[in-house]
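Q: This is the structure I want to talk about, given as structure tokens.
The values are calculated or read from the model by the stated rules, or taken from the named source; none is laboratory data. Treat the numbers as computed from the prediction; the structure is a model and nothing was measured. Neighbour counts are summed over all protein chains in view; Cβ atoms, including those assigned to glycine, are modelled from backbone coordinates with ideal geometry.
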């Protein structure tokens, strides 16, 4: 199957987390903190070109672009990705706002048949745990 014939979609979401952008960035990129926030094992590198795993290896990523406290771009996939699909591109941007940090998430090239679960997974796997973790720090 050629990649041009693979059906994909783009997922866009926003969330506000009660913490400064540098802290939210670290929660994504520091494996120990990521593990604490989500309650599930994360491993990996916080360098461009480095690999990262989350949720006990369910998510596999490669860091494409990193701007500390501002932006994360990764090639990203799950173990449930359909065969022959390349990784999606995940872009997270962090902007200070009146309640902490606004996270803008754009995940492009998501296999269409995985999009519903992926879209539903972000709030449960990240937005809620991040808000609870940083909310409890006050």
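Q: Find the strands (runs of 3 or more DSSP E) located wholly in the range 1-89 whose residues include 3 or more that are modelled with pLDDT of 95 or more and either touching a helix residue (DSSP H, G or I) at 6+ places or on another chain (Cβ under 7 Å) or within 20 Å of residue 135 (Cβ to Cβ) (or both), and list them.
A: The qualifying strands (runs of 3 or more DSSP E) are 8-17.
Q: Name the single residue that is surrounded by the most Cβ atoms within 10 Å (Cβ to Cβ) among those in the range 119-138 being out of contact with any strand residue (DSSP E or B) (no Cβ under 7 Å at 6 or more places or on another chain) and within 15 Å of residue 16 (Cβ to Cβ).
A: Only one residue fits best here, namely 126.
Q: Which of the residues belonging to the range 106-138 are without any contact (Cβ under 8 Å) to a residue 60 or more places away in the chain and more than 20 Å from residue 40 (Cα to Cα)?
A: Answer for the range 106-138, where residues must be without any contact (Cβ under 8 Å) to a residue 60 or more places away in the chain and more than 20 Å from residue 40 (Cα to Cα): 114, 116.
Q: Related question: Looking at the range 121-138 only, could you name the residues that are under 18 Å from residue 80 (Cβ atoms) and more than 13 Å from the chain's Cα centre (by Cα)?
A: The answer is none; no residue qualifies.
Q: Look through the range 39-78, keep the residues that are within 17 Å of residue 107 (Cβ to Cβ) and touching a residue at least 40 places away in the same chain (Cβ under 8 Å), and return whichever of them is surrounded by the most Cβ atoms within 10 Å (Cβ to Cβ).
A: Checking each candidate, the answer is 72.
Q: Residue check, residue 112 against (1) out of contact with any strand residue (DSSP E or B) (no Cβ under 9 Å at 6 or more places or on another chain); (2) at pLDDT below 95, all met but one. Which one?
A: Of (1) out of contact with any strand residue (DSSP E or B) (no Cβ under 9 Å at 6 or more places or on another chain); (2) at pLDDT below 95, only one is false for residue 112: (1).
Q: Does residue 86 satisfy the criteria of being surrounded by fewer than 18 Cβ atoms within 10 Å (Cβ to Cβ) and farther than 16 Å from residue 33 by Cβ?
A: Yes, satisfied.
Q: In addition: Would a scan of the range 97-109 turn up a residue that is over 21 Å from residue 19 (Cα atoms) and buried (at least 19 other Cβ atoms within 10 Å of the Cβ)?
A: The answer is yes, given that some residue of the range 97-109 is over 21 Å from residue 19 (Cα atoms) and buried (at least 19 other Cβ atoms within 10 Å of the Cβ).
Q: Of all residues in the range 83-105 being without any contact (Cβ under 8 Å) to a residue 60 or more places away in the chain and farther than 18 Å from residue 127 by Cβ, which is nearest to the chain's Cα centre (by Cα)?
A: Filtering first and then ranking leaves 89.
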